[in-house]
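The values are calculated or read from the model by the stated rules, or taken from the named source; none is laboratory data. Quantities reported herein were computed from a predicted structural model and do not represent experimental measurements. Glycine gets a Cβ as well: all are built from the backbone with ideal geometry, and neighbour counts include every protein chain shown. The accessibility values were calculated without ligands, DNA or RNA, using every heavy atom of the protein model including side chains. Shrake-Rupley method; radii C 1.70, N 1.55, O 1.52, S 1.80 Å.
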Amino acid sequence: MQTETPSSFRLICFPESAHSTAYYLSLSELLLPTVEVLAIQYPLHTGFADGADGEDGEDGERLADSPELVDRIFGALGEWMDRPIAFFGHRVGADLAYRVAERLERETGTPLLTLFVSGRTAHWGMALGPPALGCRIVALAGEGDPKTPLRGVRAWRRRTSGRFDLEVFPGSRGYLDSSRREVVNLVHDQLLSHVPVDAEWETGAEDKGA
């Protein structure tokens, strides 16, 4: 992982490939100082290294559900759990973010502030019983993306007992670039909506150096 500036919240990003972490770290330039951005750096020998063109490869699909990779990321999160966190996963990274969030909630009893799943349908079969997560899920999609039909994106609502929101952006698969400011505003709004009023005052005081 790599980190930018210390802050009150952490947004941990799960890119679509090992070659795309710089994009997510660059979001820290647009986000408020209250949100610290960290990007998962996948081992280069995994299938995630093959997605330099931004497409989801077969190896990446398989590794997104890899218990070994989930274990490694979950173990690495330990030192970063001192602040409220959210996950942001794009394409195949959304699957991996979901698996890690599931493990985190099951083993620590601490849900994320929000799980952002971007450019991805919820394609797993549903097991009987309650949803695996209790955190809010926010799904992002391009209105013209043939690989992520909105019906499949809406299926994320069945993955959580908490709130679900769907945000649709103009265009197809390039909305993280073309609508970057809108995506950043969405992250801010969703994270800050969890914060009690007294905590908002404390956060504002810290940002002003009080």
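Could you tell me which residue of region 136-190 is farthest from Glu102 (Cα to Cα), considering only residues that are open to solvent by 60 Å² or more (accessible area, probe 1.4 Å) and part of a loop (DSSP other than H, G, I, E, B)?
Pro170
Run down Ala127, Ala94 and say which single residue is aliphatic (A, V, I, L, M) and either at pLDDT 90 or above or assigned to a strand (DSSP E or B) (or both). Give the steps one after another, and end with the answer.
Numbers: Ala127 fails: either at pLDDT 90 or above or assigned to a strand (DSSP E or B) (or both).
The unique qualifying residue is Ala94.
Kindly indicate whether Val117 is open to solvent by less than 70 Å² (accessible area, probe 1.4 Å), at pLDDT 90 or above and not polar (S, T, N, Q).
So Val117 fits the description; yes.
Would you point out which residue out of Ala76, Ala101, Ala94 is closer than 20 Å to Phe9 by Cβ, in contact with a Ser or Thr (Cβ under 8 Å, 6 or more places away or on another chain) and aliphatic (A, V, I, L, M)?
Ala94
When you go through (1) modelled with pLDDT under 80; (2) among the aliphatic types (A, V, I, L, M); (3) in contact with a His (Cβ under 8 Å, 6 or more places away or on another chain) one by one for Ala22, which number turns out not to apply?
Exception for Ala22: condition (3).
If you take the residues in region 55-79 that are within 18 Å of His123 (Cα to Cα), part of a helix (DSSP H, G or I) and open to solvent by 30 Å² or more (accessible area, probe 1.4 Å), which one is modelled with the lowest pLDDT?
That would be Asp59.
Quick check: is even one residue across region 159-168 among the hydroxyl-bearing types (Ser, Thr, Tyr) and within 16 Å of Ile12 (Cα to Cα)?
Taking every residue of region 159-168 in turn, none turns out to be among the hydroxyl-bearing types (Ser, Thr, Tyr) and within 16 Å of Ile12 (Cα to Cα).
Where residues in region 2-19 are outside any strand (DSSP E or B) and surrounded by 16 or more Cβ atoms within 10 Å (Cβ to Cβ), which of them is modelled with the highest pLDDT? Break it down into steps so the answer makes sense when it comes.
Initial filter on region 2-19 (outside any strand (DSSP E or B)): 4-8, 15-19.
Those left that are additionally surrounded by 16 or more Cβ atoms within 10 Å (Cβ to Cβ): 4, 7-8, 15-19.
Values: Glu4: 45, Ser7: 69, Ser8: 79, Pro15: 90, Glu16: 85, Ser17: 74, Ala18: 63, His19: 66.
It comes out as Pro15.
Look at Ala101 and say whether it is of a type in the set (Gly, Ala, Ser) and modelled with pLDDT of 90 or more.
yes
Considering only residues that are part of a loop (DSSP other than H, G, I, E, B), at pLDDT 80 or above and open to solvent by 30 Å² or more (accessible area, probe 1.4 Å), which ones fall in region 25-51?
Scanning region 25-51 gives Leu30, Leu32, Pro33, Gln41.
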